[in-house]
């Protein structure tokens, strides 16, 4: 069974001012696919995201999905906190997510999220909006199983 961790980057949700809507949606999606979930982390934007990612990586999950902090506001720092932890980026995942999102709203191109590999963990930065998360999960529905198999050393399908 594959394991996953969800990290919510939201200063308002971390302080209790705002209910986290996207973390439970991501967890429900993973659970429906049989993933073993580590407890969700809800952290403030910025440096707390780096700490949350480092903590999550210590347990060596197969997948970490972050939500939030990928926009262009001054406090959106999830990509900056993610990039130093990645051994390799996978830009095509986020390019496709932005392309799909832009078909619905031009604002999707403002997302700066990253995707990549940290050790043996696939890390995906999804936007903090429910629509952006649904778009991201739709894309992951198509590629996640193959991505995890490839990271674990499986050969390409014939």
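Only the coordinates and a few stated rules stand behind these numbers; no lab work does. What you see is a predicted model, and the numbers here were worked out from it, not measured in a lab. All Cβ positions, even for glycine, are placed from backbone atoms using ideal geometry, and neighbour counts span all protein chains on display.
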- Note on the structure: The residue that is surrounded by the fewest Cβ atoms within 10 Å (Cβ to Cβ), considering only those in region 115-127 that are more than 8 Å from the chain's Cα centre (by Cα) and within 11 Å of residue 85 (Cβ to Cβ), is 119
- Message: Only one of 66, 78 is closer than 16 Å to residue 30 by Cβ and buried (at least 19 other Cβ atoms within 10 Å of the Cβ). Can you tell me which?
- Response: 66
- Just a yes or no: is a residue in region 5-22 assigned to a helix (DSSP H, G or I), closer than 20 Å to residue 120 by Cβ and in contact (Cβ under 8 Å) with a residue 40 or more places away in the chain? no
